Every structure is written in structure tokens, then in C-alpha cells.
Amino acid sequence: MARETVHVMGRTTAAPDAVWAIARDFCGAWHPGLATITAERSPTGAEIRRFTAHGEDTVYREQLIYRSDSDRTIAYIHLEGIHGADRYTARLTISASPAGSVINWSAEIVAPPARASEIANGTKPIFEAGIDALSTATAQSCKAEPPLANAPLETRILAGTPQLALTHTPAKPGPLILFLHGIGGARTNWNAQLRAAGNFTQAAALDLRGYGDSTLGFRQSTIDDYCEDILRVMAAFNAKKVILCGLSYGSWIATSFAMRHPDKLAGLVLSGGCTGMSEAGPEEREAFRVSSEVPLDAGQTPADFAPAVVNVIAGPNASDAIRADLLASMSAIPAATYRDALRCFTNPLERFDFAKLTMPVLLMTGEHDRLAPPTEIRTVAGRITDAAPRPDVRFEVIADAGHVCNVAQPSAYNRPLLQFLTRIIA
């Protein structure tokens, strides 16, 4: 097999957001070469476009594998129509320039040598025509979405060891979306997301073991214990499939669950982290644990060092109300719970194998996140796209937010979350 690459670049005086408003529509009919185009869905909900070109009878099908509104980027793979192509992957990116926008469209083609060259030669004029169309098109103004009702919230306690406490919305058909907070958080951190997601499917936020109204077990918690807790919650809500949405420590738990039970996940939302300590060496993990336990060993509780933690996780423009909410959830954590979580976090059982992620994945992080900066999470999103057998990945940066981006900017966080959620349950 031979590998060929095609790269076409164009410039326009139009603003990047105006160009992206057109280009992001994967199933839109904006390319002049299209005769027909229709939208389809994969079994997991990934976007597929089925189209024909002027003057041809061939039916082509392509699947979207990556989208980022923050980076104005889409990537897709060929499914059907290009004879002889072993693999065809393309990427379209809109970037800002002093004079307007730069449009980059590239493709990587794997095929027998002669055929690879033919496909590359045929691809270039298609990309050129598409860039010309984007350069001259004018985006249609979008109507503002009507505000959502606030779904009512209820409390449920699952008896047992440990006792598990949840806030949830009334039952609806479809998968359960379960929210998992960070190591310094609580289930109340997700109230804005519960009220929004509860309009579409049943939603619940869990107090992790030892937090809030949940209790610790009789021994040191392990990641397998957290995964068992998630299975208990699914059984209690009669959920055959779950969408896990985690923040920081909760993202690490969610990804760990995906490694063990990919068949039980309808979707995976990872905020402010993913890999946690799973890719750190033993010395780094131990150094993190020891330094984090220093105040606990000195007799302090999380309430004593909560102000310092909030200074790290809150964005630079966080309001007094947001800082107060973060301070309250951190201050409420018992010292034993905080130590238990630290020791679990710093004793991962595996390095994540992203090839096991067969479900749609949404990754988000705050613009000012100091613990999981956008450059790091963008790289993880790319790694998942490369490794997953059927990639369906979206990556977004939540503007003007710190580590706890769902609390800092709930509306901006909910927008991609609900787009992701409604696509899966449609």
C-alpha cells in the first residue's frame, strides 16, 4: 500500500466564525460539487453523510470522527464510494488571520500505489472548489434556542455499604446520564447540568463514597469499588446503558469504568481531565500523594486548606458566588474521605487503552484550567481519535472558566453537553 497526502489552503476576508458556521455543518449542501446529500447515523449516533456528485452515479458515504467548535475543526473518514481506498481520512480547519480567515483542508490516503495517486489527484480539485465556496458564502443567522425548563430535582439514598446518595430528575425513556464530581467536589456541583439534561433523559449526580451523604466502605477504596458503585446506581435506576459525565477525578473514574464496561456506555463526557495518574510513573504518583497528605498529617481538614485549593481551581474571573460554592463543597469533605480518594487516585490499576473506547466521547476543559490545560486535553482527544476503532470524538474549550468549568460557566458547558446528549438519545 502507498500513502498519499493532499493539502489545500485558501484565504478569505470573512471572519472565522462566519466561515465555520457553514463548514461545521457536516451534512450541509454547501459544496458546489454535491448533487444530493442526506444525513445518516451510525449505531452509536455518529454523523454520516451520504451524497452523490454532479455527473456521477456513485454513492459516497463519510463519517464524522472529530469535531471542535473551539478549534473550528472537523475530521472524517471515508466509508463507501472511493474504489480501491484502504483508508481515507480528511481534516478541515478554519483559523483566524489578520486579514480574515485561513482555510486548510487536508487528506491522507492509503491505497495501492497507482490508485493512491489517482485518488489524491481527484481530491485536490474537490478541496479547492470547496474552499472557494466557503470563501464566498455568507452564513445564515441562527435563531436563538428557546430557554429550557428546569427539570425538578429529587434525592435518593441507596442503602448498603457504602451508602450512596444521589440527586436525580424524574424518570424518562433512554439512557441514564450520571454525573461524577471531582476530588474536591460534591454532587451539588452538577445541579445546573441536572436541571438541563433532565429535559431529555433521566439524569443523576452521585456523591462519591465518603462525600456528602454517601459513606465510605470498610477498607481503602479502589477504582474497582467506584466502578461497582456505578453498576449499583445503574441497577437502581433500571438503566441498561449509561452516559457518564465526569469532572477531574470523576473523569478518571468514568474512563476507568469505560475500560471495564464499554458495552454499558452510551457515551462518555470527560471534563477537566481524563488520564489522571494512570500515565504517571511510580515516583510522580508517590510525590503527589505525599505532598497532598502533608496538611492532613499535620492535623488539618480540607476546610483548612480549601481557600488555597479554590485559588487553583477557580478561573481568574470567577465570581464571589462561584468561589463560595467551590469553597463550600471543598470544606465539607471529611479528612478521611479526602485521604481515601488521594490514595485511590495515586494507585491506578492500568494505563488506559483508548482502543477500548467504542462509544461517542466529548472532552471539555476550561480555558484557564491549570490542572488540565486545553493543550493537554486536546492531545488526549487526538489520541482517542487515533486509537478508537470507531472514533466519534468532540473537543471543546469552555471560555473564561477554570478547572471546575461546569460550575464556572454552566451555560457554555451545557451547550455542547446537550448537543452530545440529544444526538445520542435521538
Consider LEU153 carefully, then state whether it is surrounded by fewer than 21 Cβ atoms within 10 Å (Cβ to Cβ), farther than 30 Å from TRP105 by Cα and not aromatic (Phe, Trp, Tyr).
yes
Suppose we filter VAL290, VAL309 for residues that are within 15 Å of ILE183 (Cα to Cα) and either in contact with a strand residue (DSSP E or B) (Cβ under 7 Å, 6 or more places away or on another chain) or β-branched (Val, Ile, Thr) (or both); which single one remains?
VAL309
Within segment 312-357, of all residues that are within 11 Å of GLY184 (Cα to Cα) and not in a helix (DSSP H, G or I), the one least open to solvent (accessible area, probe 1.4 Å) is ILE333
For THR201, indicate whether it is hydroxyl-bearing (Ser, Thr, Tyr), under 24 Å from the mean Cα position of the chain (by Cα) and assigned to a loop (DSSP other than H, G, I, E, B).
yes
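Which ones in segment 358-376 are part of a loop (DSSP other than H, G, I, E, B) and either closer than 17 Å to PRO391 by Cα or in contact (Cβ under 8 Å) with a residue 24 or more places away in the chain (or both)?
If we filter segment 358-376 for residues that are part of a loop (DSSP other than H, G, I, E, B), which is where we start, we get 358-360, 367-373.
If the condition is that a residue be part of a loop (DSSP other than H, G, I, E, B) and either closer than 17 Å to PRO391 by Cα or in contact (Cβ under 8 Å) with a residue 24 or more places away in the chain (or both), then THR358, MET359, PRO360, GLU367, HIS368, ASP369, ARG370, LEU371, ALA372 are the ones that fit.
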Do you know which residues across segment 234-276 are of a type outside the set (S, T, N, Q) and surrounded by fewer than 20 Cβ atoms within 10 Å (Cβ to Cβ)?
MET234, ALA235, ALA236, PHE237, LYS240, LYS241, MET259, ARG260, HIS261, PRO262, ASP263, LYS264
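Let's see how each residue does on (1) surrounded by fewer than 18 Cβ atoms within 10 Å (Cβ to Cβ); (2) free of Cβ contacts under 8 Å to residues at least 40 places away in the same chain; (3) within 30 Å of LYS241 (Cα to Cα):
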residue: GLY55; (1), (2), (3): yes, yes, no
residue: HIS78; (1), (2), (3): no, yes, yes
residue: ILE94; (1), (2), (3): no, no, no
residue: ALA99; (1), (2), (3): yes, no, no
residue: PRO112; (1), (2), (3): yes, no, no
residue: SER135; (1), (2), (3): yes, no, no
residue: PRO146; (1), (2), (3): yes, yes, yes
Among ARG67, ARG49, ARG87, which is the only one that is open to solvent by 70 Å² or more (accessible area, probe 1.4 Å) and modelled with pLDDT of 95 or more?
ARG87
Checking the condition small (Gly, Ala, Ser) and either closer than 22 Å to MET1 by Cα or touching an Asp or Glu at 6+ places or on another chain (Cβ under 6 Å) (or both), which residue from ALA29, ALA53, ALA114, ALA35 passes?
ALA114
Kindly indicate whether any position in segment 278-286 is over 28 Å from GLU376 (Cα atoms), surrounded by 16 or more Cβ atoms within 10 Å (Cβ to Cβ) and of a type in the set (A, V, I, L, M).
no
LEU208 open to solvent by less than 10 Å² (accessible area, probe 1.4 Å) and free of Cβ contacts under 8 Å to residues at least 60 places away in the same chain:
no
Residues of segment 290-324 being within 14 Å of GLY402 (Cα to Cα) and either touching a residue at least 40 places away in the same chain (Cβ under 8 Å) or of a type in the set (A, V, I, L, M) (or both), which ones?
VAL309, VAL310, VAL312, ILE313, ALA314, GLY315, PRO316, ASN317, ALA318, ILE322
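The values are calculated or read from the model by the stated rules, or taken from the named source; none is laboratory data. All values derive from a computational prediction rather than experimental measurement. Note that we place each Cβ from the backbone using ideal geometry, even for glycine, and neighbour counts take in every protein chain shown. The area values use the complete protein model at the heavy-atom level, side chains included, leaving out ligands, DNA and RNA. Shrake-Rupley method; radii C 1.70, N 1.55, O 1.52, S 1.80 Å.
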